[in-house]
Amino acid sequence: MPDVIAYGGDWNPEQWPEETWEQDVALMREAGVNRVSVGVFSWSLLEPAEGVFDFGWFDRVMDLLAANGIAANLATPTASPPPWFGDAYPEALPLDSAGRRLHHGSRQGFCPSSPIYREKALRVTEQVATRYRDHPALALWHVHNEYGCHNAHCYCDTSAAAFRAWLRSHYASLEALNDAWGTAFWSQHYGEWAQILPPRDTPSFTNPGQQLDFRRFSSDALVELYIAERDLLRELTPGVPATTNLMAGAHWDMDCWAFAAELDVVSTDHYLIGARAEPHIDLAFAADYARSLNGGRPWLLMEHSTSAVNWQPRNRAKAPGELRRNSLAHLARGADAIMFFQWRAARAGAEKWHSAMLPHAGVGTKVWREVSALGAELAGLAEVAGSRVNADVAILVDHSSVWAQDHPAQPSSELDPVEEAKRWHAALWRAGITCDLAHPEGDLTGYRLVLVPALYLVSDSGAANLERFVRAGGVTLVGPYSGIVDEHDRVRLGGYPGAWRDLLGVTVEEFFPLDGPIRLASGGSGSVWSEVAHATSAKVLDTYATGEPAWTRNVWGDGAAHYLTTRLDDDALAEVIATVCAEAEARPPATSPPGVEVVRRSHPDGRSHLFAINHTAGDAVVTTASGESVTVAAGDVRVISG
Ligand code: GAL
């Protein structure tokens, strides 16, 4: 178990003359930095020409870190192939769905299925690993950077061939594929494997099964690239753990569950989206997701920002105290590392307007003062490291389902599964109840309540998993348009939701997307979506004006399964979620007023820390489980041990 919280950020000394490096590490020490990620975008300087390596400058970077007691997340620099790569191997650059070849000059300019990219990436990885395998600064391998952030889908001929190979390994025969994709429709029957293409631009909708499998294939291709580098690193440095920074909760093109299964420790990045009304709730979703991906164990926040980012339409700077609240919210939800992009604000390049730990204006700044204060505070919170967050509630999320529902030919494009998952999570956040995220086929046995906000696609085993959970005494709440199709995006027949008609005691004959809000008998309202449903064995708890069911509850084994046939407004949803939490006896770790986040981290020996984070402009009183009242000042965070 670690005995410190790792603190620091991406250090890119290559952006600066060497004279600044000593000052950098001196300031790092002043700010309490004990960990930096290095080499993330250094490929073009480590290998300035193909096969020509220059490690002299990087040796000095690593030595400087070791001499100052700062540990390195040493990156394999493979997220940004140098210009020579694109020049020499233009066929390895990505091709978009319209057949346009993208050029080098940015980053992640490579086709994930390109053998030549893989060869060059593994060669530079081998060079880095061989050179620094015994270096005292090396603590963790930071493989690549945000796989698939910019190049998740490539439609070139190499990708097409790899896609066909993937399909052959997943389908016993071409006929099985034709059946899964429903190619009898629109005369798409394939007579030869070679006829199958990635879903390039077509006159109308592409085949949904083809699109879904292409997204699965594309995610797998990135996971495979990770595995190739990781295996090489394991061979060369067997004792050094490896990770790659995911974008959990933000980018849905990469299957985080599949990635997480291959990581020695889960790490992720998170950036506030300024356009969101309460971006700190989105932060909590990402943090809960990261913890769940790591099986509940502590995870690493590899990047967030000290203040503004530079890639949104309007890049809001953080208010005083917001950096601390954000960082401690990640810590509360299980992070054992609090890191930023990046250490020193860049003078040039595409991210020169992105905030950093050391701003352009230097040390006499709000950001620097807050960064230094946070470093000292985290050092004082070392006892938190290694402790866990225990949740009684889980929300099911699955990338395949999101991808399938992403096909444009749906009953309504307005029912967004990711936004629904986040809205249901937000309702729990407001109720002070910590939750995990879980894969539909994952282990649900430890939970009291499982929420299924939007799971359009579910496999047979996922469907059975939820049934088992409820039969054994669990409570579930299932949202509309869930359990509709099988793993190939084929409709489950006989009345919706085919996967869970019996569990829910409901059968739906038709969907009725809505133009505007619709009133319910309870006084609440729904919007976007409604269904014509019949309760077969369920009790009806709320109805539309027509008397048809809007909310039902069915007893199943020792548990109960609730169902919603509409997208409830936030208040009505909060009430339903409060009802199912009460039924499942899921409770917050403390009583807190609205806008005050409370989360507990506990050690197995009983030591624990309650985090109370006041996101409001007024002082607030939190009452702990033992009845103690604690005042948390406006915008403040209190960490209460006990
Ligand atoms: C991340 C990326 C960093 C930096 C950052 C800016 O997606 O990993 O390299 O670009 O965003 O917010």
- Task: List every residue pair whose Cβ atoms lie under 6 Å apart, where the two residues are 6 or more positions apart in sequence or sit on different chains, the first residue falls within segment 294-310 and is over 18 Å from Val371 (Cα atoms), and the second residue, located anywhere, is within 16 Å of the ligand (Cβ to nearest atom) and among the aromatic types (Phe, Trp, Tyr).
- Result: Asn310/Trp353
- Among the residues of segment 290-308, write down those that are assigned to a loop (DSSP other than H, G, I, E, B), within 16 Å of the ligand (Cβ to nearest atom) and touching a Lys or Arg at 6+ places or on another chain (Cβ under 9 Å). Ser305, Thr306, Ser307, Ala308
- Residue ID - nearest to the ligand (Cβ to nearest atom), chosen from residues in segment 338-364 that are out of contact with any helix residue (DSSP H, G or I) (no Cβ under 9 Å at 6 or more places or on another chain) and among the charged types (D, E, K, R): Glu351
- Taking Pro17 as meeting all but one of (1) outside any helix (DSSP H, G or I); (2) more than 34 Å from the chain's Cα centre (by Cα); (3) in contact (Cβ under 8 Å) with a residue 24 or more places away in the chain, write down the number of the exception. (3)
- Task: Might you let me know whether segment 177-188 holds any residue that is in a helix (DSSP H, G or I) and touching a Pro at 6+ places or on another chain (Cβ under 6 Å)?
- Result: no
- Message: From the list Tyr226, Tyr190, exactly one residue is under 19 Å from Asp255 (Cα atoms) and of a type in the set (Phe, Trp, Tyr). Which is it?
- Response: Tyr226
- Query: Can you name the number of the only condition in (1) among the aliphatic types (A, V, I, L, M); (2) touching a residue at least 40 places away in the same chain (Cβ under 8 Å); (3) buried (at least 22 other Cβ atoms within 10 Å of the Cβ) that Ala260 fails?
  - Reply: (2)
- Which residue out of Pro94, Pro83, Pro13, Pro48 is in contact with a helix residue (DSSP H, G or I) (Cβ under 6 Å, 6 or more places away or on another chain) and either closer than 23 Å to Thr306 by Cα or not aromatic (Phe, Trp, Tyr) (or both)? Pro13
- Task: From (1) among the small types (Gly, Ala, Ser); (2) crowded, with 22+ Cβ neighbours inside 10 Å; (3) more than 18 Å from Asp569 (Cβ to Cβ), pick out the condition that doesn't hold for Ala421.
- Result: (3)
- Item | Hits in segment 23-49 - residues which are under 16 Å from Ala345 (Cα atoms), part of a helix (DSSP H, G or I) and not aliphatic (A, V, I, L, M) | Gln23, Asp24
- Which residues, counting only those in segment 365-410, are touching a residue at least 24 places away in the same chain (Cβ under 8 Å), among the polar types (S, T, N, Q), assigned to a loop (DSSP other than H, G, I, E, B) and farther than 30 Å from Met28 by Cα? Asn390
- Query: What about Gly473, is it touching a Gly at 6+ places or on another chain (Cβ under 8 Å) and at pLDDT 95 or above?
  - Reply: yes
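Output the residue which, of all residues in segment 310-337 that are buried (at least 19 other Cβ atoms within 10 Å of the Cβ) and within 14 Å of the ligand (Cβ to nearest atom), is nearest to Asp443 (Cα to Cα).
Result: Asn326.
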- Query: Looking at segment 257-289, which of its residues are part of a helix (DSSP H, G or I) and of a type outside the set (A, V, I, L, M, F, W, C)?
  - Reply: Pro279, His280, Asp282, Asp288, Tyr289
- Item | Where a residue in segment 130-156 is within 24 Å of Ser219 (Cα to Cα) and among the hydrophobic types (A, V, I, L, M, F, W, C) and its partner, wherever it lies, is within 11 Å of the ligand (Cβ to nearest atom) and part of a loop (DSSP other than H, G, I, E, B), with Cβ under 7 Å and at least six apart | Val143/Thr244; Cys149/Gln108; Cys149/Met247; Cys149/His251
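The values are calculated or read from the model by the stated rules, or taken from the named source; none is laboratory data. The structure displayed is predicted, hence computed values, not measured ones. As a convention, Cβ positions derive from the backbone with ideal geometry for all residues, glycine included, and neighbour counts pool all protein chains shown.
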